[in-house]
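Heads up, the thing below is written out as structure tokens.
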Amino acid sequence: MNPPSSLPFWCVVPAAGVGSRMRADRPKQYLTLSGRTILEHTLARLLAQPGLQRVVVSLSPDDPYWPHVAQAADERVWTAPGGKERADSVLSALDRLVAAGVDEHAWVLVHDAARPNLAPEDLARLLATLADDPVGGLLAGPSRDTLKLIGPDGRVVQTLDRAAIWQAYTPQMFRLGLLRTALSDALAAGAQMTDEASAMERLGYSPRLVEGRTDNIKVTRPEDLEWLQRAWGDPL
Ligand code: C5P
């Protein structure tokens with residue numbers, strides 16, 4: 001295990017999504033795990049890391065749940081208005097950091113609100129590995145399953161070489177100024193992006209992959225929450 005990193009860093013937590021695939025009565029980040037909301041667990045993991053300066057949480061403008069979040073009262077936690085797509089929500093949070101005078105070279109870690117099981121060792125290793133990196137990078141893991149490219153008729157077009165395919169997790173760690181340019185460029189061009197690294201790749205950068213634990217799952221479907229509840233010993 002790496003020693004704890006005290007590299008200064010900032011965080012952005014996009015939490016303005018609806019999470020319709022959960023089919024729940026509220027956005028997934030406000031569902032409960034071990035007596036606290038998913039967002040509270042996510043924020044607690046980030047706030048516990050030495051070197052953390054501020055966390056900006058992007059919220060839907062009519063979010064009624066945020067005032068009840070334990071960390072809403074923490075002075076290290078700021079908010080920003082979320083946007084239509086995830087990239088808009090992230091960009092809005094980055095704008096908040098720029099408006100506060102944060103240096104454009106500062107490291108920013110973008111972490112999904114719906115990933116409450118980030119291991120402290122993974123976070124520390126990401127920071128330590130990328131501290132001097134010219135580009136930045138992200139936590140990721142090699143694909144466990146055989147991967148198929150599917151055609152419009154629901155049949156296999158090709159089997160992909162899984163040794164060369166990794167799944168992208170978060171946090172994704174880049175410099176404030178460069179990430180902001182990459183996201184605003186991509187949004188202006190109407191490019192499809194589901195993570196920050198792909199915006200950097202569009203500009204010709206090659207983010208580094210840092211292997212992380214596969215249980216850093218993003219709660220997306222009901223069975224993901226059930227899996228975490230079991231893993232954390234919650235009564236089901
Ligand atoms: O929908 P998905 O699970 O990919 O969302 C990933 C993260 O992005 C979630 O934490 C979600 O709240 C956030 N998001 C956002 N603004 C949007 C869409 C998603 O902050 N417009």
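Cβ-Cβ contacts under 6 Å between residues 6 or more apart (or on different chains), taken from a first residue in region 172-194 that is under 15 Å from Gly137 (Cα atoms) to a second residue that is small (Gly, Ala, Ser) and away from the ligand (no atom under 16 Å from the Cβ), are listed as Met173/Gly136; Phe174/Gly136; Leu176/Ala106.
Checked across region 56-63, the condition of being out of contact with any Asp or Glu (no Cβ under 9 Å at 6 or more places or on another chain), open to solvent by 20 Å² or more (accessible area, probe 1.4 Å) and away from the ligand (no atom under 14 Å from the Cβ) holds for no residue. If only residues of region 3-24 that are within 10 Å of the ligand (Cβ to nearest atom) and assigned to a loop (DSSP other than H, G, I, E, B) are counted, the one that is surrounded by the fewest Cβ atoms within 10 Å (Cβ to Cβ) is Val18.
Scan region 80-102 for residues that are open to solvent by 40 Å² or more (accessible area, probe 1.4 Å) and aliphatic (A, V, I, L, M) and the total you get is 3. Please go through region 192-210 and give me each residue that is farther than 22 Å from Leu118 by Cα and in contact with a helix residue (DSSP H, G or I) (Cβ under 6 Å, 6 or more places away or on another chain), ordered by number. Result: Met193, Ala199, Met200, Arg202, Leu203. Here the condition is being open to solvent by less than 30 Å² (accessible area, probe 1.4 Å), over 17 Å from Leu43 (Cα atoms) and more than 10 Å from the ligand (Cβ to nearest atom); of Ala106, Ala119, it holds for Ala106 alone.
For region 67-79, residues that are outside any loop (DSSP other than H, G, I, E, B) and either near the ligand (Cβ under 10 Å from one of its atoms) or open to solvent by 30 Å² or more (accessible area, probe 1.4 Å) (or both) total 7. Checked against (1) within 17 Å of the chain's Cα centre (by Cα); (2) modelled with pLDDT of 95 or more; (3) within 16 Å of the ligand (Cβ to nearest atom), Trp227 meets all criteria but (1). When you scan region 94-109, do you find a residue that is at pLDDT 95 or above, farther than 27 Å from Asp25 by Cα and touching a Cys at 6+ places or on another chain (Cβ under 9 Å), even just one? For region 94-109, residues at pLDDT 95 or above, farther than 27 Å from Asp25 by Cα and touching a Cys at 6+ places or on another chain (Cβ under 9 Å): present. Cβ separations smaller than 7 Å between residues 6+ apart or across chains give the following pairs from region 211-236 residues that are without any contact (Cβ under 8 Å) to a residue 24 or more places away in the chain to residues that are surrounded by 15 or more Cβ atoms within 10 Å (Cβ to Cβ): Asp224/Ile217; Leu236/Gln229. When the residues of region 171-216 are filtered to those that are under 14 Å from Ala87 (Cα atoms) and among the hydroxyl-bearing types (Ser, Thr, Tyr), the one that is surrounded by the fewest Cβ atoms within 10 Å (Cβ to Cβ) is Thr194. Cβ-Cβ contacts under 6 Å between residues 6 or more apart (or on different chains), taken from a first residue in region 42-60 that is under 20 Å from Val98 (Cβ atoms) to a second residue that is charged (D, E, K, R) and open to solvent by 20 Å² or more (accessible area, probe 1.4 Å), are listed as Arg54/Arg76; Val56/Arg96. Quickly run through region 25-37 and pick out the residues that are open to solvent by 20 Å² or more (accessible area, probe 1.4 Å), within 13 Å of the ligand (Cβ to nearest atom) and touching a residue at least 40 places away in the same chain (Cβ under 8 Å). Hits for region 25-37 are Lys28, Leu31. Looking at region 38-54, which of its residues are within 14 Å of Trp10 (Cβ to Cβ) and either in a helix (DSSP H, G or I) or within 13 Å of the ligand (Cβ to nearest atom) (or both)? Residues satisfying the conditions are Leu43, Leu46, Leu47.
The values are calculated or read from the model by the stated rules, or taken from the named source; none is laboratory data. Given the structure is predicted, the values throughout are model-derived calculations rather than measurements. Because the Cβ atoms are built from the backbone with ideal geometry, glycine has one as well, and the counts that use them run over all protein chains shown. The area values use the complete protein model at the heavy-atom level, side chains included, leaving out ligands, DNA and RNA. Shrake-Rupley method; radii C 1.70, N 1.55, O 1.52, S 1.80 Å.
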